[in-house]
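The values are calculated or read from the model by the stated rules, or taken from the named source; none is laboratory data. The structure displayed is predicted, hence computed values, not measured ones. Glycine also receives a Cβ, built like all others from the backbone with ideal geometry; neighbour counts cover every protein chain displayed. Accessible surface is based on the protein model in full, side chains and every heavy atom, while ligands, DNA and RNA are left aside. Shrake-Rupley method; radii C 1.70, N 1.55, O 1.52, S 1.80 Å.
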Protein chains: 2
Amino acid sequence: MSGYAPFSGGFPPSGALPRARTFLWDCGQRCDVTPFERRTDAARAALEDAGADALVCVPGRNLQYLTGFAESQRERQLFLIVPAAGEPTFFVPALSESQIRRETWVPTVRAWGDDADPVAALAGCFDDLGVPTTPRLLVDDTMWATFVQDLREVRPAATVGLASEVLSELRVRKDPAERDALRRAAEAADEAMRRVRALGSDAVGLTEAELVGRIESSLTAVGGDGVAFETIVGSGPNGAMPHHAHGERRIEAGDPVVLDFGTRVDGYPSDQTRTVVFEGDPGERFREVHATVERAQSAAVDAIEPGVTADAIDAAARSVIEAAGYGEAFVHRTGHGVGLDVHEEPYIVAGNDRKLEPGMVFSVEPGIYLDGAFGVRIEDLVVVTDDGAEPLNRTDRGWRC
Amino acid sequence: MSGYAPFSGGFPPSGALPRARTFLWDCGQRCDVTPFERRTDAARAALEDAGADALVCVPGRNLQYLTGFAESQRERQLFLIVPAAGEPTFFVPALSESQIRRETWVPTVRAWGDDADPVAALAGCFDDLGVPTTPRLLVDDTMWATFVQDLREVRPAATVGLASEVLSELRVRKDPAERDALRRAAEAADEAMRRVRALGSDAVGLTEAELVGRIESSLTAVGGDGVAFETIVGSGPNGAMPHHAHGERRIEAGDPVVLDFGTRVDGYPSDQTRTVVFEGDPGERFREVHATVERAQSAAVDAIEPGVTADAIDAAARSVIEAAGYGEAFVHRTGHGVGLDVHEEPYIVAGNDRKLEPGMVFSVEPGIYLDGAFGVRIEDLVVVTDDGAEPLNRTDRGWRC
């Protein structure tokens with residue numbers, strides 16, 4: 001790509017990228033670009049294949065994927081325009097211009113001031129980029145209607161589709177920079193899990209909510225950025241409700257406790273689950289159920305390789321649990337893809353005949369839920385490799401603390 | 001409105017509304033409806049005036065305004081459809097049906113299950129509601145593009161406009177239930193401010209971030225629901241940067257400290273600012289500047305009455321500050337409307353010739369910012385009354401703790 005003026009010798013200065021070292025990896029055809037630029041190139045190629053003239057993104061996960069810019073949608077028009085032919089261009093409020101130039105690789109930035117009519121400015125930008133008068137535009141799936149209206153004002157004859165048409169397929173296979181971030185997020189969650197387990201008998205007497213506080217402090221202490229989703233501590237019978245987050249119940253000796261939490265590193269989340277007993281004897285039935293879930297989880301991970309369907313991975317876990325007589329108590333799918341979104345493709349669920357491919361990342365999290373008694377869930381994230389699966393989580397899966 | 005089956009005798013059962021007592025107020029023409037239903041009636045009348053056939057809202061502030069349902073937009077189609085003629089109808093995922101029935105006044109709820117095609121189900125709903133084949137639809141300004149696409153699939157010949165076309169004018173005048181919630185949110189913030197001031201010399205030595213922790217704990221302790229915006233503690237020279245939120249600087253004796261925070265009660269925010277000195281002597285210049293800002297704030301509040309322009313209120317504050325020689329140091333507008341959104345119409349800014357009307361609620365918050373030295377801002381929320389303004393905040397405006 002031309003116009004990459006701020007770079008010299010084909011390499012970005014340190015500090016120009018969120019994590020400069022990631023772009024040194026995976027040097028297939030081009031070593032002189034960041035992962036973000038490579039993804040944008042791929043999106044542009046996919047646009048051509050889809051017969052679309054331009055992709056228009058707003059702040060959100062797709063824009064983060066293409067540029068690293070990780071903010072939320074606000075009132076003022078801020079778009080990344082990726083024409084099928086032509087330079088990717090940021091159209092931004094003047095207030096955001098310096099931030100966009102500092103935080104993203106995109107060299108072409110058009111800023112509009114508060115004294116300008118943003119729709120007229122956008123029309124000028126479209127004209128300069130050579131967007132045809134009757135284009136096919138793919139707009140971000142979460143773009144606000146008010147911005148879709150602006151695009152329709154600028155190109156009244158446009159046909160409008162959704163960005164997911166080209167970006168979903170790209171995002172489902174994680175590139176090396178993404179796998180690196182996911183690996184480090186998993187390491188942070190693993191370290192927090194070790195610290196929580198180390199509480200041992202000190203956890204007895206804490207409320208679930210108090211233990212959540214300890215977990216979230218640990219996640220921050222190990223370098224995580226906040227929580228990736230609402231932290232789950234399901235103690236005793238509360239563990240039997242898969243959607244229970246946490247409450248005021250105090251943890252007792254002998255309680256099985258479902259611990260499901262995650263944090264973010266470089267924007268990417270972790271998501272893992274262990275079911276532990278901080279102190280005391282949980283009883284024979286729990287031991288049997290826990291061993292069953294462990295076997296089911298291993299069976300599913302062992303079944304992973306490219307070309308196998310998502311459905312088959314679900315079946316591998318489910319058949320172990322059914323054989324043990326707990327089929328009715330495994331009330332959810334076996335897993336979900338994990339990327340910038342904590343829940344995305346591929347879904348590891350009965351009936352999904354999507355074939356696994358190298359670079360896909362998903363959770364494997366079978367569970368057994370015995371109403372009024374306890375629940376057991378064990379979850380690791382895995383990356384599909386050329387011949388199997390690489391687990392991202394590596395902590396002890398046993399229940400003893 | 002007919003079909004209000006769950007109610008008997010024209011009154012809702014207790015528990016059917018977030019705050020049942022609010023609907024007993026303001027019984028102008030109809031005492032048998034909730035504020036939400038009255039707002040929806042008004043929106044429907046406005047739709048007719050605008051020549052629109054239906055309003056379609058997604059989870060967000062407009063939906064909260066019309067129904068009290070206060071969630072965020074998610075992947076599954078969840079719409080409130082308000083036809084210009086016909087019953088307001090919720091179109092919701094089956095998973096959400098019981099919550100919608102429990103939490104909102106809307107009697108007609110159409111649920112679609114995970115085994116259904118939501119777009120086909122939506123088409124059936126539109127047909128049953130008698131939405132014409134070439135309708136004019138007003139869609140929520142923040143509706144995701146993917147849902148706008150669904151509507152276009154259901155009604156390909158529709159003309160699409162934005163919900164703000166009818167709802168902005170309704171929302172700008174707060175009804176009694178809204179004023180009540182805003183008043184209680186202001187009371188919570190006032191009580192938290194009293195507790196913070198009571199720290200006195202105990203606040204000296206805390207970092208700004210630590211003081212933020214104390215403030216946010218106080219907001220929760222007095223019944224507030226989280227923070228309405230990022231809490232600002234600007235100590236010493238940091239107070240001179242209006243956009244500084246907080247940092248690691250430690251508060252020193254003699255420091256002026258800008259405290260700007262808010263919480264929510266029943267969904268409505270508070271927003272008030274005091275500039276205080278926890279201990280010690282801030283010096284003569286600070287005392288002069290603080291007195292100037294106090295006079296400017298009072299002058300603006302005194303100028304408020306129906307028919308006066310927003311511009312004139314800004315001028316009333318600005319002229320006091322200019323006369324004192326600090327005009328250049330008052331770098332922002334005098335205020336902003338406050339409702340479900342913390343920033344909304346009316347904006348109290350030079351050039352805004354919008355006339356004030358009873359029921360409008362906005363902030364009055366002049367400030368003086370002396371680079372490298374300190375800042376002073378004093379902010380209260382006010383309601384425009386029939387002949388003046390009612391302040392919602394009532395704590396001491398002085399700087400001594």
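With only alpha-carbon pairs counted, each pair once and no self-pairs, how large is the Kirkwood hydrodynamic radius of segment A:176-391 in angstroms?
17.3 Å
Can you list the residues of segment B:113-157 that have at least 30 square angstrom less accessible area with all protein chains present than in their chain by itself, probe 1.4 Å?
Relative to the lone chain, where solvent access is computed with a 1.4 Å probe, segment B:113-157 loses at least 30 Å² at B:141, B:142, B:144, B:145, B:146, B:149, B:152.
Work through the residues other than residue A:381 whose Cβ is under 10 Å from its Cβ and net out their charges, Lys, Arg +1 and Asp, Glu -1.
Charge balance in the 10 Å sphere: -4.
Among the lysines, which have Cα under 30 Å from the Cα of residue B:355 when same-chain residues fewer than 8 positions away are ignored?
Filter leaves B:174.
Taking segment B:71-129, which GluC sites (Glu not before Pro) meet the DSSP loop condition and have no more than 13 other C-beta atoms within 10 Å?
When the GluC sites (Glu not before Pro) of segment B:71-129 are filtered for loop state and at most 13 Cβ neighbours within 10 Å, B:75 remain.
Looking for one value pair here: nearest-to-axis residue in chain A (by Cβ) for the rotation onto B, and the distance in whole angstrom.
Chain A residue with minimal Cβ-axis distance: A:148, 3.
Could you tell me what fraction of 2.2 N^0.38 Å the Cα radius of gyration of segment B:258-334 comes to, as a two-decimal ratio?
Here the answer is 1.29, to two decimals.
Considering just Cα atoms, how many Å³ per residue does the convex hull of segment B:52-179 enclose?
So the per-residue hull volume is 102 Å³.
Against the empirical 2.2 N^0.38 Å scaling, what ratio does the C-alpha Rg of segment A:103-170 come to?
In units of the globular-protein estimate, segment A:103-170 measures up at 1.20.
Check each of the GluC sites (Glu not before Pro) in segment B:208-237 and keep only those in coil by DSSP with at most 13 other C-beta atoms within 10 angstrom; list them in order.
Counting only loop positions with at most 13 other Cβ atoms within 10 Å, the GluC sites (Glu not before Pro) in segment B:208-237 are B:230.
Would you mind getting the accessible area per residue of the protein assembly as shown, heavy atoms of the protein chains only, 1.4 Å probe, in Å²?
39 Å²
Between residue B:309 and residue A:153, what FRET efficiency follows from the Cβ-Cβ distance if R0 is 41 Å, with the result rounded to 0.05?
Working from the Cβ atoms, E equals 0.90.
So how tilted is helix B:208-221 from the main axis of chain B? Cα-based, degrees 0 to 90, rounded to 10.
On a 0 to 90 degree scale, this one is about 50.
Report, for residue B:114, each distance to the same residue's label point in the other copies, shortest first and in nm; define the point 7 Å along Cα→Cβ.
4.7
Just to confirm the number: angle between the C-alpha axis of helix B:284-302 and the first principal axis of chain B, 0 to 90 degrees, nearest 10?
The helix B:284-302 is inclined about 40 degrees to chain B.
Rounded to the nearest 500 deg cm²/dmol, what is the calculated helix-only ellipticity per residue at 222 nm for chain A, with -39500 (n - 2.57) per DSSP H run of length n ≥ 4?
Helix contribution divided over all residues of chain A: -10000 deg cm²/dmol.
So what's the angle, to the nearest 10 degrees on a 0 to 90 scale, between helix A:35-49 and the longest Cα principal axis of chain A?
Helix A:35-49 sits at roughly 70 degrees to that axis.
Based on Cα coordinates alone, diagonalise the gyration tensor for the protein assembly as shown, multiply each eigenvalue by 5, take square roots, and list the semi-axes in whole Å, largest first.
Rounded to whole Å, the semi-axes are 44, 34, 32.
Strictly greater than 11 Å: what percent of every Cα pair in segment A:29-69 meets that?
I get 64 percent for the Cα pairs in segment A:29-69 exceeding 11 Å.
If each label sits 7 angstrom from Cα along the C-beta direction, how far apart, in nm, is residue A:230 from its counterparts in the other copies?
2.6
Please compute the Kirkwood hydrodynamic radius over chain A, one decimal place, Å, based on all pairs of different Cα atoms.
22.9 Å
In whole Å, what are the Cα extents of segment A:309-355 along the three principal axes, biggest one first?
36, 20, 12
What FRET efficiency comes out for residue A:250 versus residue A:195 if R0 is 30 angstrom and r is the Cβ-Cβ distance? Round to the nearest 0.05.
Efficiency at R0 = 30 Å is approximately 0.90.
How compact is segment A:180-226 by the rule of thumb for globular proteins, expressed as Cα Rg over 2.2 N^0.38 Å?
After normalising by residue count via 2.2 N^0.38 Å, the value is 1.19.
Put a point 7 Å out from Cα along the line to Cβ at residue A:102; what are the distances to that point in the other copies, in nm, shortest first?
4.6
Heavy atoms only, probe 1.4 Å: what % of the accessible area of segment B:141-243 goes to carbon and sulfur, would you let me know?
Here it works out to 49 percent.
Between residue A:134 and residue A:353, what is the FRET efficiency for a Förster distance of 51 Å, r being their Cβ-Cβ separation, to the nearest 0.05?
0.85
In 10 Å bins starting at 0, how do the alpha-carbon pair distances of segment A:117-264 split up by percent?
10, 25, 18, 17, 16, 10, 3
Given q = 0.20, 0.21, 0.25 Å⁻¹, what are the Debye log10 I(q)/I(0) values for segment B:42-127, with equal point scatterers placed on the Cα positions and solvent ignored?
After summing over all Cα pairs, the log10 values are -0.93, -1.02, -1.36.
Given the convex hull over the Cα atoms of segment A:190-278, what projected area results after averaging over all orientations, in nm²?
Reported value for the Cα convex hull: 4.9 nm².
Excluding ligands, DNA and RNA, what is the accessible area buried between chains B and A, summed over both sides, using a 1.4 Å probe, to the nearest 100 Å²?
Using a 1.4 Å probe, the pair buries roughly 1100 Å².
DSSP loop (so not H, G, I, E, B), at most 12 other Cβ within 10 Å: list which GluC sites (Glu not before Pro) in segment A:233-288 pass both filters.
A:248
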